[in-house]
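> Here it is, the structure in full.
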Amino acid sequence: MILVLVMLLAIPAVAPAAEPAALTPHWSVEVKGGFFYPDIENWKDFYGDDRTGHYAGSLAYKLFRQLEVGIESGYIKDRGRAYAPLNALITGNVVYEVVPVNVFVLIRGVFSETQWLVPYVGGGWTRMYYREKIEDQATVRGSADGVHGRAGLQILLDNMDPHAAHNLFTDYGIYHTYLFGEVQVMDVKVGTPSINIGGKSYLAGFLFEF
């Protein structure tokens, strides 16, 4: 009788863990980076290029498998030259920084936990924090509200290395790992007449679901 009790107690300890493909994740985390193309006119004249770096990360909760809500924070920075408006003389170096914070709703076209390609689309509210520091002049900083939208395609990486995917699941609770590419558009206006300090970003990164 004692032997039977010992065997029954041991069963949960040796039972195999459920496979990720049989379970549904509830959270997602993204890390990504790429290029931001500002909507500000003559950007290239001041900063030497029509684009700069854009880095971001997000956390989202899945209301159900295809629909999630979340928050994303990014960082955009560039260095250039400032001009006097009347005589177009160079007045010093300038550092321009933007921190966009996006609250979003996202729809993912996923219908199977082993689906290789997953398209997605989303959008929502944006708060843009900006800071412009011109050499030997006062720093201009502030924030403005706007909207954003995004669309992309994610590629499931689990089957490329099943052993590594299984270890991520057992060690860290990560169900799936995806590589993705994304286009993001932000529309945020400041001033009178208004200037759109948003723009378009082309991003790539990794998505982890747990």
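> Quick check on residue 65: is it more than 29 Å from residue 128 (Cα to Cα), among the charged types (D, E, K, R) and either within 23 Å of the chain's Cα centre (by Cα) or at pLDDT 95 or above (or both)?
yes
> Moving on to the next point. Which count do you get for residues in segment 25-46 that are farther than 20 Å from residue 190 by Cα, over 13 Å from the mean Cα position of the chain (by Cα) and surrounded by 14 or more Cβ atoms within 10 Å (Cβ to Cβ)?
Counting residues in segment 25-46 that are farther than 20 Å from residue 190 by Cα, over 13 Å from the mean Cα position of the chain (by Cα) and surrounded by 14 or more Cβ atoms within 10 Å (Cβ to Cβ) gives 3.
> Still on this structure, please answer the following. State yes or no: is residue 92 on the phi > 0 side of the Ramachandran plot and surrounded by fewer than 18 Cβ atoms within 10 Å (Cβ to Cβ)?
For residue 92, the condition - on the phi > 0 side of the Ramachandran plot and surrounded by fewer than 18 Cβ atoms within 10 Å (Cβ to Cβ) - is met.
> Which members of segment 160-207 meet the condition of being among the small types (Gly, Ala, Ser) and within 19 Å of the chain's Cα centre (by Cα)?
Within segment 160-207, 181, 198, 199, 201, 204, 205 meet the criteria.
> When you scan segment 129-210 for strands (runs of 3 or more DSSP E) that lie fully inside it, which ones turn up with 2 or more residues that are free of Cβ contacts under 8 Å to residues at least 24 places away in the same chain, out of contact with any Pro (no Cβ under 7 Å at 6 or more places or on another chain) and closer than 26 Å to residue 71 by Cα?
Correct list: 139-156.
> I would also like to ask the following. Which one is surrounded by the fewest Cβ atoms within 10 Å (Cβ to Cβ) among residues in segment 49-76 that are charged (D, E, K, R) and closer than 18 Å to residue 103 by Cβ?
Among those residues, the one meeting the criterion is 62.
> Condition first: farther than 18 Å from residue 71 by Cβ, loosely packed, with under 15 Cβ neighbours inside 10 Å and not aliphatic (A, V, I, L, M). Now tell me which residues in segment 98-128 satisfy that.
Matches in segment 98-128: 109, 111, 112, 114, 115, 116, 119.
> Among (1) on the phi > 0 side of the Ramachandran plot; (2) outside any strand (DSSP E or B), there is one condition residue 124 misses while meeting the rest; what is its number?
It is condition (2) that residue 124 fails.
> Does segment 168-181 include one or more residues that are more than 21 Å from residue 111 (Cβ to Cβ) and at pLDDT 95 or above?
No, segment 168-181 contains no residue that is more than 21 Å from residue 111 (Cβ to Cβ) and at pLDDT 95 or above.
> Further question on the same structure: Checking the structure you have, find out if any residue of segment 97-109 is small (Gly, Ala, Ser) and either closer than 14 Å to residue 184 by Cα or in contact (Cβ under 8 Å) with a residue 40 or more places away in the chain (or both).
Yes: segment 97-109 contains one or more residues that are small (Gly, Ala, Ser) and either closer than 14 Å to residue 184 by Cα or in contact (Cβ under 8 Å) with a residue 40 or more places away in the chain (or both).
> If you take the residues of segment 130-181 that are farther than 18 Å from residue 205 by Cα and among the β-branched types (Val, Ile, Thr), which of them is surrounded by the fewest Cβ atoms within 10 Å (Cβ to Cβ)?
This residue is 139.
The values are calculated or read from the model by the stated rules, or taken from the named source; none is laboratory data. Predicted model only: the values in this text are computed from it and were never measured. No Cβ is skipped: glycine too gets one built from the backbone with ideal geometry, and neighbour counts run over all protein chains shown.
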